[in-house]
Structure formats: C-alpha cells, structure tokens
Amino acid sequence: AQSVTQLGSHVSVSEGALVLLRCNYSSSVPPYLFWYVQYPNQGLQLLLKYTTGATLVKGINGFEAEFKKSETSFHLTKPSAHMSDAAEYFCAVSVPPGGSYIPTFGRGTSLIVHP
Amino acid sequence: EAGVVQSPRYKIIEKKQPVAFWCNPISGHNTLYWYLQNLGQGPELLIRYENEEAVDDSQLPKDRFSAERLKGVDSTLKIQPAELGDSAVYLCASSLEGRISGIDEQFFGPGTRLTVL
C-alpha cells in the first residue's frame, strides 16, 4: 500500500519569496505523484502530475515539482509567491494496476502568504 | 465546459436523520468518485464507479452509507441514519479513463459540507 507524508501543516512565506512544500511518499512500486490545490469552499484542482519520464514537472500557476526516487520525495516549489497562492495544497500518490488509479492523499499543507 | 456539479453545497441535519448528496460529473466522464474530507485532512475515497458499476467500495461504511449511479451519469450518496461523526465535506470527482496511459486528471466538485447536530 502507498502512503504520503506532507511535512508541515502550515507554511508561511512573504509575497515574492520562494515557496517550498514538502512531500514524501512510500510505495513498493514506481508511483504516480500529484499535487492538488484547494481554495476555500472549492474542490481540488490538479497543479501537476508525475507519471514517467522527466523528473522535473512543471504545472500551472508557475509551480513545479521534482521526483527524486532516492529521497522518495516530490516537493512542490514556486520561485516567487503571490497572494493568490494562499490555499491548501495536497500531495497524492497512486500505484495504478492496469492503468487505472486511485490516489492516496496527504493531510495537506496550508500555504499562508504575507504581504 | 461545465465542471462537476454537486448539491446541496451545505446541509445541516440532526443525528439519526437521513441525508442525500447529488453529483453530476463532467459530460462524457465515465469514472465517478465520492470522497470524504474531514477537517484538516486530505480526501479519502468512499466509492468509485466505472460507468454504472461500483468497482471500488471497500471504504464505504455499508451499514449506513449507500450510493448509486443509475445510467452511468449522475450519482447519489446517501447516509441513513446520520451520526455526529459524519460531519465532513463530501467531494465528488470525475475523470475520463481508458485512454492509452490509463491516467487522467480527476476533476473535483466544490463539495457538500455536512453538519450533523
């Protein structure tokens, strides 16, 4: 079974500063990895995903994440935070049997952006 | 393109009462998911449908929860009777699976926030 650990339930940054949200996974086979964002009173929206190939994945809104197998990590970064980035971020992992997948989500990290 | 629609957005009921949530997925999406999201937690899968067939319902508490997806389009999740611990957000998501990679993005609805008093 797969699992996800998101380090830090809250991350606070100043506007314009680097954003780093940490995610470590556990999986017995090569995983598929995802980052979702959830704004207040809304559903989750996919930011980016890693399946195979290039380990540096670029997503929407300037976010990117790097799959590091040796560290079992998939940390999310953005060079310069914007006020509109304040939201809840979820890392998810899945191991697809036969091509269909059910992701396991982490507990989430709340990103706070100060002016 | 319309997104995943859920109703109601908010529901307050007393314990032991029944409650139902409705979800209309994105047109053409053959896979539908119901998730439970407790405060401060990530979503947890309750049930997944491929068309009208429930293919993964191992996490659904079948003594009080039921779901259906008639005609493989919209879906209803029911709780009867509701308990205090059922207070949470119930998310519906849909995806189009079956492509070559088998991997496709899940599109989430805004959720139904249930409060059981």
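The values are calculated or read from the model by the stated rules, or taken from the named source; none is laboratory data. It should be emphasised that the depicted structure is a prediction, and the values quoted were computed from it without experimental measurement. A quick note on method: Cβ atoms are made from the backbone with ideal geometry, for glycine too, and the neighbour counts reach across all protein chains shown. The area values use the complete protein model at the heavy-atom level, side chains included, leaving out ligands, DNA and RNA. Shrake-Rupley method; radii C 1.70, N 1.55, O 1.52, S 1.80 Å.
Output the residues belonging to the stretch A:76-103 that are at the interface with chain B (Cβ under 8 Å from one of its Cβ atoms) and modelled with pLDDT under 95.
A:A92, A:P96, A:G98, A:G99, A:S100, A:Y101, A:I102, A:P103
Within the stretch B:1-19, count every residue that is among the hydrophobic types (A, V, I, L, M, F, W, C), outside any loop (DSSP other than H, G, I, E, B) and either touching a helix residue (DSSP H, G or I) at 6+ places or on another chain (Cβ under 7 Å) or closer than 13 Å to B:G111 by Cα (or both).
1
Of everything in the stretch B:5-54, what is in contact (Cβ under 8 Å) with a residue 40 or more places away in the chain and of a type in the set (D, E)? Give them in sequence order.
Within the stretch B:5-54, B:E14, B:E50 qualify.
Tell me, yes or no, whether the stretch B:67-89 has at least one residue that is within 13 Å of chain A (Cβ to nearest Cβ), at pLDDT 90 or above and open to solvent by less than 60 Å² (accessible area, probe 1.4 Å).
Checked the stretch B:67-89: at least one residue is within 13 Å of chain A (Cβ to nearest Cβ), at pLDDT 90 or above and open to solvent by less than 60 Å² (accessible area, probe 1.4 Å).
What about B:S95, is it open to solvent by less than 50 Å² (accessible area, probe 1.4 Å) and among the small types (G, A, S)?
Answer is yes for this residue.
Could you grab me the full set of residues in the stretch A:15-42 that are closer than 16 Å to A:N61 by Cβ and within 13 Å of another protein chain (Cβ to nearest Cβ)?
A:F34, A:W35, A:Y36, A:V37, A:Q38, A:Y39, A:Q42, listed by residue number.
Would you kindly identify the strands (runs of 3 or more DSSP E) lying entirely within the stretch A:1-97 that contain at least 2 residues that are open to solvent by 30 Å² or more (accessible area, probe 1.4 Å) and not acidic (D, E)?
Fully inside the stretch A:1-97 and qualifying: A:3-7, A:10-14, A:19-26, A:44-50, A:56-58, A:73-78.
Quick one: A:Y50 ticks every box in (1) closer than 17 Å to A:Y25 by Cβ; (2) at the interface with another protein chain (Cβ under 9 Å from one of its Cβ atoms) bar one, so which box is it?
(2)
Tally time: how many residues in the stretch B:22-45 are more than 10 Å from chain A (Cβ to nearest Cβ), surrounded by 15 or more Cβ atoms within 10 Å (Cβ to Cβ) and more than 18 Å from B:G72 (Cβ to Cβ)?
Number of matching residues: 1.
What are the residues in the stretch A:104-113 that are more than 11 Å from chain B (Cβ to nearest Cβ) and either open to solvent by less than 20 Å² (accessible area, probe 1.4 Å) or modelled with pLDDT under 95 (or both), if any?
A:L111, A:V113, listed by residue number.
Regarding B:D57, is this residue farther than 22 Å from B:T115 by Cα, within 14 Å of chain A (Cβ to nearest Cβ) and among the acidic types (D, E)?
Judged against the criteria, B:D57 is a match.
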